[in-house]
2 protein chains.
Amino acid sequence: MAAEKVRFGIIGCARVATIVARRIGLTANSSVYAVASRSVDKAKEFANNLSSEVKAYGSYEQLLDDPCVDAVYMPLPTSLHLHWALKAAHKKKHILLEKPPALTVEDLDTIIEACNTNGVQFMDGTMWMHHPRTPKMKAFLQSPELFGELKSVHSVFTIAVAGKFFEEDIRVKPDLDAHGALGDVGWYCIRAILWANDYEMPQSVTAHPGPILNEAGVITACGATFSWQDGRMATFHCSFHSQFSMDLSVHGSKGILRLHDFVIPYEEGSGSYFSSTDAKLVEMDTIWGVPSEHRVTTELPQETLMVQEFASLVKSIQESGGKPDPHWPSISRKTQILLNVVKTSIQEGLICVTLRSK
Amino acid sequence: MAAEKVRFGIIGCARVATIVARRIGLTANSSVYAVASRSVDKAKEFANNLSSEVKAYGSYEQLLDDPCVDAVYMPLPTSLHLHWALKAAHKKKHILLEKPPALTVEDLDTIIEACNTNGVQFMDGTMWMHHPRTPKMKAFLQSPELFGELKSVHSVFTIAVAGKFFEEDIRVKPDLDAHGALGDVGWYCIRAILWANDYEMPQSVTAHPGPILNEAGVITACGATFSWQDGRMATFHCSFHSQFSMDLSVHGSKGILRLHDFVIPYEEGSGSYFSSTDAKLVEMDTIWGVPSEHRVTTELPQETLMVQEFASLVKSIQESGGKPDPHWPSISRKTQILLNVVKTSIQEGLICVTLRSK
């Protein structure tokens, strides 16, 4: 007998929902069971595009009331996360929440606490964490011979926006995705910095001069430096004003890692990273070693792998009655803390914010 | 009759002098005529390694007194530049000065003024400016269709040091190369930022948190953000503590330019850069366009092209009695200003330093 699949309810029919819904369909352990929109017609259209078997609800509440829904994928505007994630947790639905998960750390803590109290798994939608390239890169960073000690991380994620984005998109609206570019793309940079640092929080965070805010005060470009006690440092820059770039470089005492598509690989079936170890200038310092390209293939897209990982945690809780895995909420929380601290630094005039140790 | 070559005197037998001396030998318009070291034996050895015709002097003064020397290449520690560059200018020698050219902007102004007064050309040794890749990249940045408006520049130059570098190298000695990593590698990042911005000076400079200084107060790692009035920004990071990396990325409203060997190309015969224009996420935002690689070949190494450019300016002054070209001293000066302002920001506790307009 085939194991039962985790039945997903999708709350909200945002563009990203279409991607993830299709990705869920590719997993071995989960299926899209229902979708909900505030408009039942929109929900029906969305559901029909997936499969005639997918239920369509005209309210989020109805979907959450369906006892057949095991888990929800929630690509709502950030400002709605607290309300609907809490409702979902109270209905014992496991939650795959789009990033950024919350407006504030307090809100996220409330969500995570509700998940823990109700015994449901929490994970945010940072999909690149689940690409098989990511653990390969981590192995390189953990090698004393190939990489050595971590010294600095630099990440730039900029996206080209088109049309009436700056007037109409939810990502520039203070009442919807109030974190703007910092939440939409800076989130990934911050996560990458934490990832490279084994999730050790920096000692201080200072936003860079020249952040760009729209008239409503929403960040459309910004950056910051993170500093650790032992001299490690990291910088990031995120923006809605430049062309697409998704750069990550990690610098160690012996090696360098870099890639330019860390969030969304250029191609679906594989992703590359570049590394060098003990690169030396030769021929009287006039030439040096070209970094090696390492290509990691993947049978499934990273969003599918994310859903599979999440669903397997859900299955494990369902089948063994175990507790939710604390890793995913923990790294969400650290990313959220740094995101909000960057915002604080910007709001307070680019001050250096010292973080309390744990 | 072949045109006479510009006769170079090399002052100081540093490692970089060997490279440039050989590069001078590859030019069509210049030759190494003499070398000077404080030790005549060292000068003789250095000279013999080049050619039996090269004169060897046991003092810098003697070389400067030789009327056959048209121009000097001066790879001395920064602290000695003011003294010897002034002497060279007063002896009517054209000056190709290793970077960073001076300890302070005032010192550099004194040098440049002496060059102008004596009608001799000044150029600093920022060799990557002379690679044929550089104007190709500039053409891309200047294209409204391919690149659009400049938004941000990010550069990271880190070098792996070995052995007793931190105890012995002149680049960590406050009485020799007092600018440390900022002068040795940060100089190139700052120049690249200015180059991408058509040498328009930023409005403000703020050093990043976490600069690393040695016991003598010499910077071994640091970074900064530059901001322009119109929202353009740039960041750089330089360090002696990480592996080799020489990254430059330039982000525009329509295009991206990046390369990872901007100071020293991986290979001698060519250099690549990567660009993309209007890269779009496709297939439901899950894949996107790989940037194009553009390879620019060069028959001569960039140091040779630098010397040729310098020597052709010298010839032009010698033959037509014209004035020195103000472009090269002007961009040296702007780079020096920003270098010293970064240092000021660090010394004053990471303050935001506002630059006076011109």
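Here are the numbers:
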| item | result |
| --- | --- |
| Total residues in the stretch A:284-324, condition without any contact (Cβ under 8 Å) to a residue 24 or more places away in the chain, surrounded by 14 or more Cβ atoms within 10 Å (Cβ to Cβ) and assigned to a strand (DSSP E or B) | 1 |
| Candidate set: the stretch A:149-194, residues that are modelled with pLDDT of 95 or more, of a type in the set (D, E, K, R) and in contact with a helix residue (DSSP H, G or I) (Cβ under 7 Å, 6 or more places away or on another chain); chosen: the one farthest from B:F236 (Cα to Cα) | A:D184 |
| One residue from A:L176, A:L182 being more than 14 Å from chain B (Cβ to nearest Cβ) and in contact with a Lys or Arg (Cβ under 7 Å, 6 or more places away or on another chain) | A:L182 |
| Test: B:W228 is more than 7 Å from chain A (Cβ to nearest Cβ) and either touching a helix residue (DSSP H, G or I) at 6+ places or on another chain (Cβ under 8 Å) or of a type in the set (A, V, I, L, M) (or both) | no |
| In the stretch A:32-83, the residues that are small (G, A, S) and under 13 Å from A:G9 (Cα atoms) | A:A34, A:A36, A:S37, A:A43, A:A47, A:A56, A:G58, A:S59, A:A71 |
| Residue count, the stretch B:238-258 (criterion: more than 7 Å from chain A (Cβ to nearest Cβ), surrounded by 23 or more Cβ atoms within 10 Å (Cβ to Cβ) and part of a strand (DSSP E or B)) | 5 |
| Filtered residue count, the stretch B:259-283, keeping only those that are of a type in the set (V, I, T), within 7 Å of chain A (Cβ to nearest Cβ) and either in a strand (DSSP E or B) or touching a His at 6+ places or on another chain (Cβ under 8 Å) (or both) | 0 |
| Verdict on A:R258 being in contact (Cβ under 8 Å) with a residue 12 or more places away in the chain, of a type in the set (K, R), more than 16 Å from A:H130 (Cα to Cα) and in contact with a strand residue (DSSP E or B) (Cβ under 7 Å, 6 or more places away or on another chain) | yes |
| Qualifying residues in the stretch B:284-314 (those that are among the β-branched types (V, I, T) and in contact with a strand residue (DSSP E or B) (Cβ under 7 Å, 6 or more places away or on another chain)) - the one farthest from the other protein chains (Cβ to nearest Cβ) | B:V314 |
| Selection within the stretch A:192-217 - among the β-branched types (V, I, T) and either surrounded by fewer than 24 Cβ atoms within 10 Å (Cβ to Cβ) or at the interface with chain B (Cβ under 9 Å from one of its Cβ atoms) (or both) | A:V205, A:T206, A:I212 |
| Conditions (1) at pLDDT 95 or above; (2) surrounded by 22 or more Cβ atoms within 10 Å (Cβ to Cβ); (3) over 24 Å from the mean Cα position of the chain (by Cα): number failed by A:A47 | (1) |
| Qualifying residue in the stretch B:266-274 (condition: surrounded by 22 or more Cβ atoms within 10 Å (Cβ to Cβ) and in contact (Cβ under 8 Å) with a residue 12 or more places away in the chain) | yes |
| Tabulated pairs, the stretch A:86-102, first surrounded by fewer than 21 Cβ atoms within 10 Å (Cβ to Cβ), second of a type in the set (A, V, I, L, M, F, W, C) and in a loop (DSSP other than H, G, I, E, B), C-beta under 7 angstrom, 6+ apart or interchain | A:K92/A:V120 |
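Residue-wise test of (1) more than 23 Å from A:A17 (Cβ to Cβ); (2) among the polar types (S, T, N, Q).
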| position | (1), (2) |
| --- | --- |
| A:P101 | no, no |
| A:T110 | yes, yes |
| A:G119 | yes, no |
| A:M129 | no, no |
| A:P135 | yes, no |
| A:G148 | yes, no |
| A:S155 | yes, yes |
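The values are calculated or read from the model by the stated rules, or taken from the named source; none is laboratory data. These numbers were taken from a predicted model, which means no experiment stands behind them. A quick note on method: Cβ atoms are made from the backbone with ideal geometry, for glycine too, and the neighbour counts reach across all protein chains shown.
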